[in-house]
1. Can you find, within the stretch 79-101, the residue that is modelled with the highest pLDDT among those that are surrounded by 10 or more Cβ atoms within 10 Å (Cβ to Cβ) and either at positive phi or under 18 Å from the mean Cα position of the chain (by Cα) (or both)?
2. Could you check how many residues of the stretch 52-87 are among the aliphatic types (A, V, I, L, M) and more than 30 Å from E98 (Cβ to Cβ)?
Amino acid sequence: MSLSKYLRRSQQVLGYNLSQCRHYAASAAKPAAPAQKANTQPQSSCAADTVLPGLNYLKNQPPVLALPDSEYPPWLWTILRPKELEDDGPGGRKERMERRKENKQRIRERNFMSTQ
């Protein structure tokens, strides 16, 4: 098996793409002060009144249009954030979730290695 084919296969099994990872060099300079954010709420990827093709699947209905950002509920902008669980001690929910995640990853790696 060629190296490139092996890398593609391992990326598929492990669920990440090495070519899309960003690597930054360590800098000795002190980072600049963080800029103040004007708006903490993210902006949507399309402007208001943009036709959204593919969302209208019923016949004889008007096209679906994007709304202004202010008309969407606030929870919509938090969907893609990673879930943060509070540390509730040994045997708690956070520890169980981390253990399950590690176990799934170990199973994936073992299954991948058994196919080689």
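1. Among those residues, the one meeting the criterion is K101.
2. 7
The values are calculated or read from the model by the stated rules, or taken from the named source; none is laboratory data. In this text the structure is predicted, and so the values were computed from the model without any measurement. Glycine gets a Cβ as well: all are built from the backbone with ideal geometry, and neighbour counts include every protein chain shown.
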